[in-house]
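Quick notes on the structure that follows.
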Protein chains: 4
Amino acid sequence: MAGNTFGQIFKVTTWGESHGKALGVIVDGCPPGLPLGESDIQQDLDRRRPQSTPSSTPRKEPDQVQLLSGTFEGVTTGTPISLLIHNKDADSESYDSIKDLFRPGHGDFTYQKKYGIRDYRGGGRASGRETAARVAAGAIARKLLDREHISVKAYTLELAGVRAEKMAMDVIDKNPFLTPDLDAADKMREKIMEIKNAGDSAGGVVEVLVQGCPAGLGEPVFDKLDAELAKAVMSIGAVKAVEIGVGLAAARLLGSECNDEITPEGFVTNRSGGILAGISNGDEIVVRAAVKPISSIEKEQRTVDVNMKPTTISVKGRHDVSAVPRIVPVCEAMVRLVIADHFLRQRTLG
Amino acid sequence: MAGNTFGQIFKVTTWGESHGKALGVIVDGCPPGLPLGESDIQQDLDRRRPQSTPSSTPRKEPDQVQLLSGTFEGVTTGTPISLLIHNKDADSESYDSIKDLFRPGHGDFTYQKKYGIRDYRGGGRASGRETAARVAAGAIARKLLDREHISVKAYTLELAGVRAEKMAMDVIDKNPFLTPDLDAADKMREKIMEIKNAGDSAGGVVEVLVQGCPAGLGEPVFDKLDAELAKAVMSIGAVKAVEIGVGLAAARLLGSECNDEITPEGFVTNRSGGILAGISNGDEIVVRAAVKPISSIEKEQRTVDVNMKPTTISVKGRHDVSAVPRIVPVCEAMVRLVIADHFLRQRTLG
Amino acid sequence: MAGNTFGQIFKVTTWGESHGKALGVIVDGCPPGLPLGESDIQQDLDRRRPQSTPSSTPRKEPDQVQLLSGTFEGVTTGTPISLLIHNKDADSESYDSIKDLFRPGHGDFTYQKKYGIRDYRGGGRASGRETAARVAAGAIARKLLDREHISVKAYTLELAGVRAEKMAMDVIDKNPFLTPDLDAADKMREKIMEIKNAGDSAGGVVEVLVQGCPAGLGEPVFDKLDAELAKAVMSIGAVKAVEIGVGLAAARLLGSECNDEITPEGFVTNRSGGILAGISNGDEIVVRAAVKPISSIEKEQRTVDVNMKPTTISVKGRHDVSAVPRIVPVCEAMVRLVIADHFLRQRTLG
Amino acid sequence: MAGNTFGQIFKVTTWGESHGKALGVIVDGCPPGLPLGESDIQQDLDRRRPQSTPSSTPRKEPDQVQLLSGTFEGVTTGTPISLLIHNKDADSESYDSIKDLFRPGHGDFTYQKKYGIRDYRGGGRASGRETAARVAAGAIARKLLDREHISVKAYTLELAGVRAEKMAMDVIDKNPFLTPDLDAADKMREKIMEIKNAGDSAGGVVEVLVQGCPAGLGEPVFDKLDAELAKAVMSIGAVKAVEIGVGLAAARLLGSECNDEITPEGFVTNRSGGILAGISNGDEIVVRAAVKPISSIEKEQRTVDVNMKPTTISVKGRHDVSAVPRIVPVCEAMVRLVIADHFLRQRTLG
C-alpha cells in the first residue's frame, strides 16, 4: 500500500534511507530448494557499484550484504529471506546545505509536500541508493530463473546521444558503460567527459533482453506482462519512458509492418517484443527505458528554499554525470522480479 | 492475482468476454456520499462508442449500463458498485473461421498457451470490448475527481503519422478522431481512408493531461505515480510505449535542459510531466501512449492454425482501421483510476 | 481493502444490497478446465433457501443464478466468473418503520457511524442475504475441491441448546435443521417452537468437517490455515466464536492430553483439528462456529432513533427464530473458499 | 501471499528463524510524524521476556532491538520502519536430537510436508520466538493508537484451570502470570508447579480489552473487525479458539438475552463485545483466546522419525510449562495491529 513492496507471489519489500544506519530487502514467496548464499547476491551488488568511469562518482560503497534468514544449509526454505546492507560512507553533514532547499529534478519538494517531513540527507528514501536493495532481490530472482533456464540481460543502448550499433553481449561487463559495443563505449567516454567539463549531465537508453521465457506468462487485462514491466522499469527513479518491442515506433507503422507473421518455425519477426495481449509468446522479450540526465549538476539553477524564497543551486563534487550505467543492473533486477513473479503466478492455474 | 483488478483502495475488477452474455465491473472502495446515477456512466460509455468515422466500424453496441448496487437514493453508500452491460450484438458464428487459427498480433496464441482453452469468439477476454468496463469505472472515478476539482482529459495527439499542432481542447469531442486540432483531423481522415483502401491499419499517439492534481500523490519506490500510470496505460491492449513529460526525449537532453527550475511562482517548465521522484508536484501531469496499428487487416498475412500447420489470413469486413480514437476514453479512464486511487491512498497518512 | 473480497488467488468479491436490484459475486483466479454450469451453483443456493421449518421464514427467494462470464462450452476458462442473482421479493416499503431507527444487535448504528449514510432496507449490505453470493462462490470452489477429492461438509451441531449426539452424515440434508442426528432434530423443532411462541430467538453451533485435505496447506505466521478459517467463519454475520479441533477445551487440558501422538499409521488422535503450526497435517480439519440468536425479536426492546431519542422496538412477522440452519451452507462455503485458496497458494512453491 | 505479512495499510512483515542470525520486522504504512525511538519498542519486548516464574524458562534473550530506518530526528517519516533483533543465545547443536524427528503438537511434520525442507533448530520459523517481531511491530502501532487515545490491554484470564475473578488492571504487570487477580496468581503458581513436577504442561485463556475505539472501524462482509481480530489472534501459534464478547456462550442465549439494548446514554450491556455487523460500535472491544498447553513435555510420547519409523520423545530441560504469559503481549500486539490498520482504512472513506 505504501509503495515499498513489489510483486504478488515473489514479493519484494525494500527499506532504508540513503544515510540511515542500513538498508535492506525482504524477499517473501521464494520457492524452497534453491541454492543461495551471500556471494550470489554480492556478485550482483558489485556489478552495480560505480566503476572507474567519468560517468560515475568515486564514493566508496562496499555494500557488503548479510543474508539473515530464509536459508538453511545453503538452500532456501520457503520462508522470508532478509538481506541487510549497512551504510558505511554516510557523511550526513555534507548535506546540511540542502537541508532547507528543494533541488530541481529531485524529490525534495514532493516528499515534503507528501509527508510534511523528510530525511533530506542524500535524498533519504528517494536516493538511488535504495536500488541496491532491488539489485539484491534481483539476484535471488536470478537463482529461480536460472533453474528455469530464463536469462535476463540489460545493457546501455544509448548514452549521451551515442548509440550502440553492435550487440556483442560478451563485452557488456568489460566496459564501464555496460554497453555491448566497445566502439560506442569509446565515444561515450569522450562525450561524457565533455559534458562533465561543462558542469552538466547526460541521459540515455537502457535495453533489457529476456531469453528463454516460456509462452503463457502474464495475466489478462490489468496485470499484462508488458504493463507490469512498464511499472517495474518506470519505478526506477530517472526513467521517463518505457517501450516494449518496437515501442514508440509502433505509432507510425502500418498493421502489415507491425504484425509478426507466424510460421510453423515460429514468429517471423519480433516487433511485439515477445508479448501478445499481455502474455509472453515464447519469443525474446525486449524492454527499453529512457533515462533522464542526473538532476544534480554544477551549472547554476534557480530554485527555492523550504519557505519558497528564491535562491540558486550549483552542485559541486562527486556526482555522477549519468545514471545510465548504474541503472543497467537495476533494470535487469526489476525485469527479473517481474518474470519470477509471473512464473510463479502461472503455477496457480494448475 | 489473476489480473482483472486494478487499484489498491479505489479497486476496480472487470469481467466478461466479447461474446459472452454480458460484461461488467465492480468498483469497491468508492467513498460514500458521491451523487451517482446510470446517466453519469452512460455518458462516458457513449463517448467510447465508434462514431461515424473511417477509422472505426459500424458495429452497433448500445452498451446500455445497469447500476445494480452501491448507491441509495442517488448517492454512493461506500459499498461495492456493480455495473452491468449486456452484450447485444454477439454474432458468434462469424468467428467460426478463426476458431482454429492464431491471428497475427492477437492474443489467440498466447491465451491458448496460457490456459489450454480459449473463448475464441471476438477475442474473448482479450477483446477491446473489455475496455467498456474500464470506461464505466472511470466515470465513477470522475465523480470523485470532480469533487476534488481534478480534471483528466485525453485526446489523439497523432494518428497515422499526422500530428496535432493546435491544442484546442474544446474541439476534441467535435471530431471523430478526438484530436484537439481540426486541421489535423482533416488530414487524419484523408490518411486513414488511404490506408483503409490499401487494406491496412494505422497507429498513433494518445496524450492525457491531468489538471488540478495536488502535490503529494504517489508512493515512493515501487508505486510511484508515474510507474502506476505506466502500468495503467500499458495495460490497454494496443499500447507499446508510455512516456511521462518529455518522455523518450529525456535520453538526449542535458541535465540543464531537462530539470525544471523552481521559482516562488512555481516550476518554470514542466519537462518532468508533473511528477518528481514518483510523487505529483502540483503541476500538470502529462502522459503519452503509443498505440500500434490494429492487428486485423485485409492484407494477407502468414499464420498457423492450432495444429501449427501454415496458412494465411485476410480479415475482411467491419474492422477498425485504427484503435486510437477508441483508446482515447480508455486512457482517460485508466489515468482517472490511478489518480483516484492515489488520492485515497494519500488519506491513509493522516 | 473495502472488505468485499476474500482470498488471495481464488479471489471472491461479493456485491449487492438486500433490497437493491440484484446481488452477485465475481470469482477470479479459478483454474481453467473445470466443468461448470448454472445448475452446479443453483443446487447449492437451493440448499441455502429456507425450508419448511419453524426456525426460518417463508420469504420467497427463488435466487435464480445467472452465469455471465468465465466459462466457454461448459468449462471454466481461467477468466473471471461473474454470477448474478436478481432480487425479486424486495418490498422496500415494509422497511420504512426502521428507516430512522437503530435495531439492537443489527448493523444499523455502526453502518450509519461508518459511512454517514445507509441503505436501511432489509439491512442493506449487512443483510444475511449477502451470503447467497458466498454460497454461489462456494459452489465453484466445490468443483475445484471435487477434482482434488477434498470434501467439505457443514452441519448443525447444536441448536437452541439441543446438541446432536449422532454423526449420521447422510441425514443432514433430510431434516430442516441440517443436523446429523434425527432425534436431536425432533428436540430442536420442539425447542424452537417454544422460543418462537415466546417471541424470542435462538443460537447454536455449526461444525464443519474437511476430509481428504492434503498435508501442507496453510502459510506460516499470519496466514495460518486456522487463522484464515477463523476469519472466514467469523466474517459470517452472527458468529461470535470460532474453534479449531478441541477449541476452547484446549485451555483446560494438559499437554499430554492435548498433543496428538504420531505412529507410522498416522496421528493417534485429532485434538489439533487437522492443523499443526498453521499447516494442514493430512488429518480431518474440524472447525466450529458459535452462532448468536437472531437479533430481530418480537419481544419489546429499548433502542434509540437516528436522533438518539429513546424508543422501543418489537419486530413482528416473518423473521427466522434461528439463523443456524441457514448459516450451515454459508460456513461450508467459506471453508471451501479457504481450502481452495490455500490449495492454489501451495502451487506457488513449485 | 506467503503469509508473513499482516495488515492492509499498517502493513507488518516479519522474518527470521529461531536459530538464524537475526529476526526482524518491517512496518510499512505507518503515518509520518509519530515520535518513535528504540526505547519505545524495547519496553514492549522486555515485557514479552520470560520473568522469574515457574511457567517459563530461564533462556536468556536480551532481545535488543535496532531501529534501522523510517525515522528521522526521532520521528516517523512515512517510509518503512525496519527493526532488527540479533539472535544471541542460539545453541543449534542441542537441537540435533530432533533433527530427524517430528515432535507431537509441533510444526515439524507439517513444515516438512509443505516445503520438503525445514530449519529444525528450535522450530525454525514456527518458533514462538517469531512473536518478538510481532510485539516490536505492536509497539509502533501503540504509538499511533496512543495519539488517538485508544488503549489495548491484554491479560491472563485463566491459567491451568485457575480463573481470574478480579479485574485489577494495575496489578497485571506486577505478577509473572500477567493476570489482573493476585489471588488467582498465587493459585496459578501452585498449579503450574504441580504440573511442572508431573512433567506436563498447561493452557489457559488470554483476554484483550480495547478502550476508546471510535465507532465505525471495520469493513463490511469479509474484513469485519471481529473477523480480522479472529484471524490475528488465531495466527498465534498455540491459540485454538477465539471469542468476541459473549463468545461461545452466545450459542445458548436467547435473543432477548444476547442483544444489547440502546438508550440515549449508550448500549445498556456489551454482549456484542463492541462490534455490530463487523463494525466497532464505540463500546469496549473484548476478545478472548484459548491457548493450548505447550507441546514440548517431559512425559514420554509416541512419535515417528522423518522416515516414519516409530520412536518416542521426552523433552527435558528448559521448556515453558505454559505459553500463556508470553502470549499475553503477543495478543495485545496483534489486536493493536488490527485496530491501527482499520483506523487507517477508515481514513480512505474521506
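The values are calculated or read from the model by the stated rules, or taken from the named source; none is laboratory data. Predicted model, so just to flag it, every value in this text is computed and none were measured. Glycine also receives a Cβ, built like all others from the backbone with ideal geometry; neighbour counts cover every protein chain displayed. Just so you know, the surface numbers come from the protein's heavy atoms only, side chains and all, with ligands and any DNA or RNA stripped out. Shrake-Rupley method; radii C 1.70, N 1.55, O 1.52, S 1.80 Å.
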Requested in this report: Go through D:Pro329, D:Ile98, D:Gly212 and say which Cα lies farthest out towards the positive end of the charge dipole of region D:5-347; charges sit on Cβ, +1 for Lys and Arg, -1 for Asp and Glu.
Outcome: D:Ile98
**Report entry** 10 Å Cβ neighbours from other chains, averaged over peptide C:258-271
**Finding:** 6
Query raised in the report: Over the protein assembly as shown, what percent of the accessible surface lies on carbon and sulfur atoms, probe 1.4 Å?
Result: 48
Report summary line: Filtered hits (lysines, Cα-Cα < 16 Å from B:Lys299, offset >= 8 within chain) -> B:Lys196, B:Lys316
**Report entry** Length-normalised contact order for region D:5-347 - Cα pairs under 8 Å, 6+ apart - percent
**Finding:** 22
Requested in this report: Find which of D:Leu276, D:Leu229, D:Val304 sits farthest along the positive direction of the dipole of region D:227-314, computed with +1 on the beta-carbon of Lys and Arg, -1 on that of Asp and Glu, about the Cα centre.
Outcome: D:Val304
Report summary line: To the nearest 10 degrees, the tilt of helix D:131-147 (Cα long axis) against the first principal axis of the alpha carbons of chain D is 20
Report summary line: Output field shielding_mean for A:339-349 (other chain Cβ, 10 Å radius) holds 5
Report summary line: Net charge (Lys, Arg +1; Asp, Glu -1) of residues whose beta-carbon lies under 9 Å from that of B:Gly138, B:Gly138 excluded, is +1
Query raised in the report: Roughly how tilted is helix D:182-197, in degrees to the nearest 10 and between 0 and 90, from the longest Cα axis of chain D?
Result: 20
Requested in this report: Rounded to the nearest 100 Å², what's the accessible area chains D and C bury against each other, both chains counted, probe 1.4 Å?
Outcome: 8200
Query raised in the report: Rounded, prolate or oblate: which fits region C:5-347 when a ≥ b ≥ c are the square roots of the eigenvalues of the alpha-carbon gyration tensor, with rounded for a/c under 1.5 and prolate only if a/b beats b/c?
Result: oblate
Query raised in the report: Which aspartates and glutamates does D:Lys21 reach when only Cα atoms under 17 Å apart count, and residues fewer than 8 places away in its own chain are ignored?
Result: A:Glu38, A:Glu73, D:Glu61, D:Asp63, D:Asp89, D:Asp91, D:Glu93, D:Asp119, D:Glu130
Query raised in the report: So what is log10(I(q)/I(0)) for the protein assembly as shown at q = 0.07, 0.08 1/Å, when the Debye sum runs over its Cα atoms only?
Result: -0.73, -0.96
Query raised in the report: How much net charge surrounds C:Asp28 when only the other residues with a Cβ under 13 Å from the Cβ of C:Asp28 are counted, with Lys and Arg +1 and Asp and Glu -1?
Result: 0
Requested in this report: Considering only C:Thr179, C:Thr14, C:Thr303, give the residue with the highest GNM mean-square fluctuation for chain C, with springs between Cα atoms whenever their separation is below 10 Å.
Outcome: C:Thr303
Query raised in the report: If we count every other residue with Cβ under 13 angstrom of C:Thr263's Cβ, Lys/Arg +1 and Asp/Glu -1, where does the sum land?
Result: -3
**Report entry** Dipole in debye (nearest 20) - region D:5-347, about Cα centre, beta carbon charges: Lys, Arg +1; Asp, Glu -1
**Finding:** 1040
Requested in this report: Would you mind working out the magnitude of the charge dipole of region B:255-350 relative to its Cα centre, with +1 at each Lys and Arg C-beta and -1 at each Asp and Glu C-beta, to the nearest 20 Debye?
Outcome: 700
Requested in this report: Would you give the gap between the C-alpha center of region B:187-217 and the C-alpha center of region C:298-339, rounded to a whole Å?
Outcome: 55
Report summary line: Reduced to Cα centres, the span from region C:121-158 to region C:4-33 in Å works out to 11
**Report entry** Dipole in debye (nearest 20) - the protein assembly as shown, about Cα centre, beta carbon charges: Lys, Arg +1; Asp, Glu -1
**Finding:** 0
Query raised in the report: When Cβ neighbours within 10 Å are restricted to other protein chains, what is their mean count per residue of peptide B:124-130?
Result: 4
